[in-house]
Amino acid sequence: MTRWPDRRILDLFGIELPIIQAPMAGATTVDMVVATAKAGGLGSLPSALLNVEGLRKALGEIRAATKAPVNVNFFAHLSPADDPSAQARWRALLAPYYAEADLDPATIVAGGVRAPFDPAFCDVVEDLRPEVVSFHFGLPARELVQRVKATGAKVVSSATTVAEAVWLEANGVDAVIAMGFEAGGHRGNFLTDNMATQVGTMALVPQVVDAVRVPVIAAGGIADGRGVAAALMLGASAVQIGTAYLFCPEARIPDVHAEALAASRDDGTAIANVFTGRPARSVVNRLVRELGPISEGVPAFPTAAAALAPIRAKAEADSRDDFTNLWSGQAAKLALRTGAETLTRELYLTALDVLDRRTPF
């Protein structure tokens with residue numbers, strides 16, 4: 001049997017399989033991280049929806065369950081200044097939905113719900129020392145990156161263009177995630193806001209490989225072993241997979257999200273900013289159709305989510321996905337329905353079968 005020929009990520013992270021479970025805030029659980037790690041892949045814990053105490057607790061539970069390497073992921077955005085005018089415009093756009101649901105707009109709780117990396121989070125990294133620390137939306141301040149690297153952690157971030165990958169390498173990352181247009185959830189873009197020129201995985205990965213010296217991790221539209229093998233052939237050392245893990249019993253998503261994923265089609269998703277204020281790929285639902293996909297009326301990330309929360313909760317209670325962020329990549333239909341540990345192993349073994357030509361593309 002062919003062994004994985006590019007060991008750069010395996011050796012860099014100290015893992016056995018070139019499979020990285022994507023950190024999906026709100027959906028990833030400690031159980032998912034542990035199961036992935038036990039299979040030999042890299043389990044990834046998202047922190048964007050956690051506070052410092054929650055992060056310490058989750059990391060402590062992971063450390064108690066496995067000694068395998070773990071990745072902790074943080075957002076690197078800047079918290080926006082208060083903008084009452086933008087919030088008023090957004091609430092006006094949502095007002096008909098509040099009226100339809102017989103809800104009082106006064107139930108809106110102001111503020112964002114996704115926290116950026118800051119010195120307090122960095123203290124947790126220094127105390128608990130995860131083997132890998134990954135970022136989304138670029139990198140935090142240089143002094144914070146230096147503090148992370150001083151712990152011995154390998155630093156990784158996402159690039160959606162070659163220019164972003166080159167910038168990340170110049171600013172000290174140990175590996176780059178080449179995030180293709182097909183990927184679900186928030187785009188990792190930070191040097192461009194133009195969604196019309198975002199690049200697909202097939203075109204992005206080899207160009208990033210050619211442009212940087214650090215190893216490259218492919219992400220976007222990869223949900224089975226064929227995609228893993230294809231990423232290797234494009235020059236990637238490993239893959240990061242998100243949507244396929246949402247089908248695992250370890251995932252924590254609303255029932256309406258699970259139902260939308262089960263019924264998903266290749267053309268059933270869109271990149272929309274109407275859920276949080278930043279572009280993110282979701283299954284198309286009522287909010288995307290009626291106010292998006294991309295709207296200039298949405299306030300700055302992450303503050304848009306606050307005003308959606310009451311009408312989202314009401315719709316979900318009625319088994320409707322009208323206002324739920326149904327994060328999904330374009331290849332959800334290819335996902336294997338099984339547990340995270342089995343999925344991690346099967347992705348690798350199927351990729352080896354493809355590389356050995358026992359299973360055709």
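For the chain, build the charge dipole from Cβ charges (+1 Lys, Arg; -1 Asp, Glu) around the Cα centre, then report which of Ser319, Ala153, Ala335 sits farthest towards its positive end. Farthest towards the positive pole: Ala153. Of the residues Ala300, Gly225, Ala280, the one whose Cα sits farthest toward the positive end of the charge dipole of the range 204-318, with +1 on the Cβ of Lys and Arg and -1 on the Cβ of Asp and Glu, is Ala300.
Shown for the range 13-63: the carbon plus sulfur share of the solvent-accessible area, taken with all protein chains present and a 1.4 angstrom probe, equals 54%. Rounded to 0.05, the FRET efficiency of the Arg320 and Val109 pair, given R0 = 25 Å and the Cβ-Cβ distance, is 0.70.
With a Cα cut-off of under 24 Å and a minimum spacing of 8 residues unless on different chains, the lysine pairs in the chain number 8. Annotation note: trypsin sites (Lys or Arg not before Pro) in the range 150-255 located in DSSP loop regions with a Cβ neighbour count of at most 11 within 10 Å are Arg213.
Taking the protein heavy atoms of the range 203-305 in the context of the full set of protein chains, the accessible area attributed to carbon and sulfur is 48 percent at 1.4 Å. Amide H contacts for Ser157 (H built 1.01 Å from N in the peptide plane; partners 5 or more residues away or on another chain; cut-off under 5 Å): Phe135, Ala175, Ile177.
Using only side-chain charges placed at the Cβ, +1 for Lys and Arg and -1 for Asp and Glu, the dipole size of the chain relative to its Cα centre rounds to 640 debye. Can you compute log10 of I(q)/I(0) for the range 1-126 with the Debye formula, treating each Cα as one identical point scatterer, at q = 0.16, 0.19 Å⁻¹? Computed log10 I(q)/I(0) values: -0.87, -1.03.
Net charge of the neighbourhood of His186, taken over other residues with C-beta under 12 Å away and scored Lys/Arg +1, Asp/Glu -1, is +4. Counted by Cβ distance under 12 Å from Lys333, the other residues give a net charge of -1, where Lys and Arg count +1 and Asp and Glu count -1.
Give me the Debye-computed log₁₀ of I(q)/I(0) at q = 0.14, 0.17, 0.19, 0.28 Å⁻¹ for the range 200-277, equal point scatterers on Cα only, no solvent, two decimals. Evaluating at q = 0.14, 0.17, 0.19, 0.28 Å⁻¹ gives log10 I(q)/I(0) of -0.60, -0.81, -0.93, -1.26. Computed across the chain, the Kirkwood hydrodynamic radius from all distinct Cα-Cα pairs reaches 20.5 Å. Look at where the Cα atoms of the range 199-246 and of the range 84-163 average out, and the two centres are 25 Å apart. Near Leu45, the amide H atoms lying under 5 Å from its own belong to Asn71, Val72, Asn73; only residues 5 or more places off or on other chains count, and H is placed 1.01 Å from N.
The values are calculated or read from the model by the stated rules, or taken from the named source; none is laboratory data. Values in this document were obtained by computation on a predicted structure and should not be read as measured data. Note: ideal-geometry Cβ built from the backbone for every residue, glycine included; neighbour counts use all protein chains shown. We work out accessible area using only protein heavy atoms, side chains counted, and drop any ligands, DNA or RNA first. Shrake-Rupley method; radii C 1.70, N 1.55, O 1.52, S 1.80 Å.
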